[in-house]
Amino acid sequence: MRKFRVFLKLRAELLKRLTPFPKTYIFTSRYFYPPLHVAKLLSRNTQIIIEGFPRSANTFAFVAFMNAQDEPVVVAHHNHDQAMVSVGVKLGIPALILIRKPNEAVRSLMAYHPTLDVATAYRQYLAFYSEMEKIKEKVVIADFVEVTENFGEVIERVNQKFDTKFGIFMHTKEQERSVFKKIDAFNQIRHSGSQAKLAMPNEGRRAKISEVVINPPLDLERDSLALYSRLSPLSAHSNSN
């Protein structure tokens, strides 16, 4: 496990250093991920990026977005990599960034990865969204609440900002059930149906999350909350700027 974490750290550092060179970044990134993940990576054919810190409605947003399209769309997603987003922005690719309150995202992530240290999780949150803050004028940012309750309006914001014509998700109970059905099918394949790993509301996941106790260092909690306040469209501070 320790060797794997060292690998992840080295991979992130290398790719970060390659962000000034988009072509090299795209070419190199393919050597650091398993074959099944390559389709999720940024490429020259990517039409939109949908990214956020883990447990921020990434899966719901991706599945709902794809459900709303009449034709296949090439999406970079589920990389949770700020460097990838920065490269995509340099290439002029539309980017939708998902954000969730840090305490909620971290608690959910630690339920998913019980061995994760709380301070590390908060530092990862800060690292990701600090980079997003630098490019916030060039992306669309959507809060977890918006994504899970009115995702159609989020796609409309994307179309308006980037002059795109992506299909609009009709956020009805029926459409929501369709999305959840696909998420559940994916979970059966990847996690053998584990309810604690399922990327949608369920009793098993709620129970697992309720067991997680987080006592983050006060400075990390304060800085994360301040960053969320500056970036979330639902924040009073964000809306006043």
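What follows draws every value from the coordinates through simple rules; no lab data is involved. No experiment lies behind these values; they were computed from the predicted model shown. Methodologically, a virtual Cβ is constructed for each residue, glycine included, from the backbone with ideal geometry; neighbour enumeration extends over all protein chains shown.
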With springs only between Cα atoms under 10 Å apart, run a GNM on the chain and tell me which of GLU221, GLU156, GLU71 wobbles the most. GLU71
Return the long-range amide H neighbours of ALA95 (sequence gap of 5 or more, or a different chain), with a cut-off of under 5 Å between placed amide H atoms. ILE49, VAL140
For the range 93-109 and the range 29-77, compute the distance between their C-alpha centroids and round to whole Å. 15
So what's the back-of-envelope 222 nm ellipticity for the chain, counting only DSSP H runs of four-plus at -39500 (n - 2.57) apiece and dividing by all residues, rounded to 500? -17000 deg cm²/dmol
Taking the Cα-to-Cβ direction at LEU10 and at LYS134 and moving 7 Å from each Cα, how far apart do the two end points lie in nm? 2.4
Would you compute, for the Cα atoms of the range 1-41, the largest minus smallest coordinate along each principal axis and list the three values in descending order, in whole Å? 31, 24, 12
Which percent of the Cα-Cα distances in the range 55-174 go past 23 Å? 31
In order over the range 137-148: 3J(HN,Hα) from phi, Karplus 6.51/-1.76/1.60, θ = phi - 60°, whole Hz, x for each Gly or Pro, gives 6, 9, 10, 9, 10, 10, 6, 3, 5, 4, 4, 7
Out of PRO217, PRO34, PRO94, a Gaussian network model of the chain with alpha-carbon springs under 10 Å gives the largest mean-square fluctuation to PRO34
(i) -1.48; (ii) -1.25; (iii) -1.71: which one is log10 I(q)/I(0) by the Debye sum over Cα atoms at q = 0.18 Å⁻¹ as calculated from this entry? (iii)
Where the only charges are on Cβ atoms (+1 Lys, Arg; -1 Asp, Glu), what is the dipole of the chain about its Cα centre, to the nearest 20 debye? 920
Using +1 at the Cβ of each Lys and Arg and -1 at the Cβ of each Asp and Glu in the chain, identify which of ASN103, TYR25, GLY52 lies farthest towards the dipole's positive end. TYR25
GLU174 to ARG123: FRET efficiency via 1/(1 + (r/R0)^6), r the Cβ-Cβ distance, R0 45 Å, to the nearest 0.05? 0.65
With a cut-off of 8 Å between alpha carbons and a minimum separation of six or more residues, what is the relative contact order of the chain in percent? 21
